[in-house]
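The values are calculated or read from the model by the stated rules, or taken from the named source; none is laboratory data. Since this is a predicted model, take the numbers as computed values, not measurements. Cβ coordinates were reconstructed from backbone atoms using ideal geometry, including for glycine residues, and neighbour counts include every protein chain displayed.
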Amino acid sequence: MPASPSVSGKPATSYDVVVVGAGFAGMYMLHRLRQQGMTARVYEQGDGVGGTWYWNRYPGARCDVESMQYSYSFSEELQQEWDWSERYAPQPEILKYANHVADRFNLRPDIQFNTRVERAVFDEAANLWSVATSDGNTVMAKFFVLATGCLSNAKMPDIRGLDGFKGKVYHTGHWPHEEVAFTGLRVGVIGTGSSAIQSVPIIAEQASQLTVFQRTANFSIPARNAELTEQERQSFRSRYPEIRQFAREIARNGIYTEMPDRGALDDGDNERRAKYEARWTSGGLTFMSVYNNLALEQAANDTAANFVREKIAEIVEDPQTAKLLQPNNHPIGSKRICIDTDYFKTFNRANVTLVDIKSNPIEEITENAVRTGAKDYEVDALVLATGFDAMTGSVAKIDIHGRGGQTLNDKWAAGPRTYLGLMSSGFPNLFVITGPGSPSVLSNMIVSIEQHVDWIADCISYMRDRGLDTMEAAVDAEDKWVAHVNEVAYATLYPQANSWYMGANVPGKPRIFMPYIGGVGPYRQICNDVAAKGYEGFVMA
Ligand code: N01
């Protein structure tokens, strides 16, 4: 066996498990491990818990999954006692919740903040991970768990001159902690994904002039956010057992909702329109659940896409702007559908301009303007709502060496390869929470996080009980899983879009559909079956 590279010569402290990230995944992982009497160290690069909700503090940031469902279910007391104020929780409230969880379960003593994990090397002689952190320390751990998040590596656009811009530049995924005041400023927003769609209406109210630079128009459904009444909260809480079970086992995306029993073309025009209208009025992500074939058949999808395009034309007063805002290059839902509060209406404001950078791309950013082929747009501040190097970006930032010194980045050079999205062969005892090849971003993240954490915790306990040292994905099981993930993805319309699901938003990134689209219920069943069969497809020693 070739010797593994060593990380540093310093004496190491030892833990059963090292976890990277103190977002919702890392926090629950720590809680479960401690319940099992294991020692764990969580490293978090921010100075607080909350992950996504720690970093994404842009105006209007809120979760697009309803608050009563976008919450932990592992503690009955927690879910009964926490009061969500609105149908969709705003970022500060979700962050407060994350902090509450950290305090309630006394997690902080085992979390080291302001520390990045930089390198991790599997020591084949000792069957231990050697983990080097940005504070210059190295620790050893039997298990190494990546709770690094799927949308945590903010992507700066590669635009000439950006560094020379004299005004302030903000990325939505890296927003300052202090209040950002746009009052009286000319602001440019680059990008029109979920982050822009949430922030544009708020920035428009503050800025003297807002220019939105759009490359690709996006489908968005009204959120219909509202305060929750105590009665609504109570009604939800009393039904939690049924709601949580449905979300875990039946709903494809981990969200409790009515399940469609027919396809879009099974209804006549009037009936179909009435159903879309009802979902448009009730608002939210479940718009795509009106019919059971919207993600599968182009003709069915067109009916929903046309409905939304018509709505945009109704809302936006200037016909040319309306046309530009109507998505026309991907099936509805094949990019993560957005939900908004008054996004399209914002373009009726006198101080808001939409610039089509598809036909006139941004050429450069000057000291005080965004320059397209057509003209210079003067701005005092720039908001980059340009998204993330999704799913693999934060994993790739850690220099991970598995068996034989192979790096995970080398292994994943042509796209991520995992078995069940949980492990990658050649990297023993390394687990990824909501990794590529699992439902993750196609689901209510907290449902998927809890499922993975429980599975990993049970697996670690199984190994401990049997005195096993290592576990890793078998190559053939991994190959079959990768093929299966691809097969189910290509049976849908999803791969048609240039989405971050496909890695298409990062130049040079392999074009692979990364999440598993088979649905959280079937996926959970597969994972449970694998465990019940003594972790079939994994090699344990
Ligand atoms: O990022 P995105 P996001 N020049 O990648 C454009 C979750 N989320 O932060 O489509 C010009 O969706 C890019 O254009 P194009 C949610 O899962 C959830 O908005 O590549 N433009 C696109 O318009 C979401 O899907 C919530 O042509 C450039 C935009 O920037 C995910 O996070 C809220 C460019 C990026 O859109 C990511 O959303 C927010 C360039 N060089 C986010 N580079 C909720 O829960 C990129 N763009 C509500």
Does any residue in the range 188-208 that is without any contact (Cβ under 8 Å) to a residue 24 or more places away in the chain and more than 9 Å from the ligand (Cβ to nearest atom) come within less than 9 Å, Cβ to Cβ, of a residue that is hydroxyl-bearing (Ser, Thr, Tyr) and part of a helix (DSSP H, G or I) six or more places away or on a different chain, and which pairs are these?
205/346
Every residue in the range 73-88 that is more than 18 Å from residue 248 (Cβ to Cβ), in contact (Cβ under 8 Å) with a residue 24 or more places away in the chain and in a loop (DSSP other than H, G, I, E, B), please.
83, 84, 85, 87, 88
For residue 495, only one of the following conditions fails: (1) under 22 Å from residue 336 (Cβ atoms); (2) crowded, with 21+ Cβ neighbours inside 10 Å; (3) not aliphatic (A, V, I, L, M). What is its number?
(2)
Got at least one residue in the range 423-439 being assigned to a helix (DSSP H, G or I), at pLDDT 95 or above and touching a helix residue (DSSP H, G or I) at 6+ places or on another chain (Cβ under 9 Å)?
no
Which numbered condition residue 492 misses (of (1) within 13 Å of the ligand (Cβ to nearest atom); (2) part of a loop (DSSP other than H, G, I, E, B); (3) at pLDDT 95 or above):
(1)
Looking at 248, 244, 252, 233 in this structure, which one is surrounded by 14 or more Cβ atoms within 10 Å (Cβ to Cβ), farther than 22 Å from residue 325 by Cα and at pLDDT below 95?
252
I'd like to know if the range 526-541 contains one or more residues that are part of a helix (DSSP H, G or I) and in contact with a strand residue (DSSP E or B) (Cβ under 8 Å, 6 or more places away or on another chain).
yes
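Yes/no per residue for (1) away from the ligand (no atom under 16 Å from the Cβ); (2) farther than 23 Å from residue 393 by Cα; (3) modelled with pLDDT under 95:
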position	(1), (2), (3)
464	yes, yes, no
474	yes, yes, no
482	yes, no, no
488	yes, yes, no
516	no, no, no
519	yes, yes, no
Select from the range 272-320 the residues that are modelled with pLDDT of 95 or more, part of a helix (DSSP H, G or I) and of a type in the set (A, V, I, L, M) and list them in ascending order.
274, 278, 299, 300, 304, 305, 308, 312, 313, 315
Quick check on residue 213: is it surrounded by 14 or more Cβ atoms within 10 Å (Cβ to Cβ), assigned to a loop (DSSP other than H, G, I, E, B) and aromatic (Phe, Trp, Tyr)?
no
What tally of residues in the range 26-70 results from selecting those that are in a helix (DSSP H, G or I) and of a type in the set (Val, Ile, Thr)?
1
Strands (runs of 3 or more DSSP E) contained entirely in the range 340-381, each with at least 1 residues that are surrounded by 17 or more Cβ atoms within 10 Å (Cβ to Cβ) and away from the ligand (no atom under 11 Å from the Cβ)
352-356, 369-372, 376-378
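Yes or no, residue by residue, for (1) of a type in the set (Val, Ile, Thr); (2) within 12 Å of the ligand (Cβ to nearest atom):
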| position | (1), (2) |
| --- | --- |
| 52 | yes, yes |
| 56 | no, yes |
| 63 | no, yes |
| 67 | no, yes |
| 76 | no, no |
| 82 | no, no |
| 85 | no, no |
| 94 | yes, yes |
I need the full set of residues from the range 135-178 which are closer than 18 Å to residue 397 by Cβ and among the aromatic types (Phe, Trp, Tyr), in order please.
144
Could you check, for the range 169-185, whether at least one of its residues is assigned to a loop (DSSP other than H, G, I, E, B) and within 14 Å of the ligand (Cβ to nearest atom)?
yes
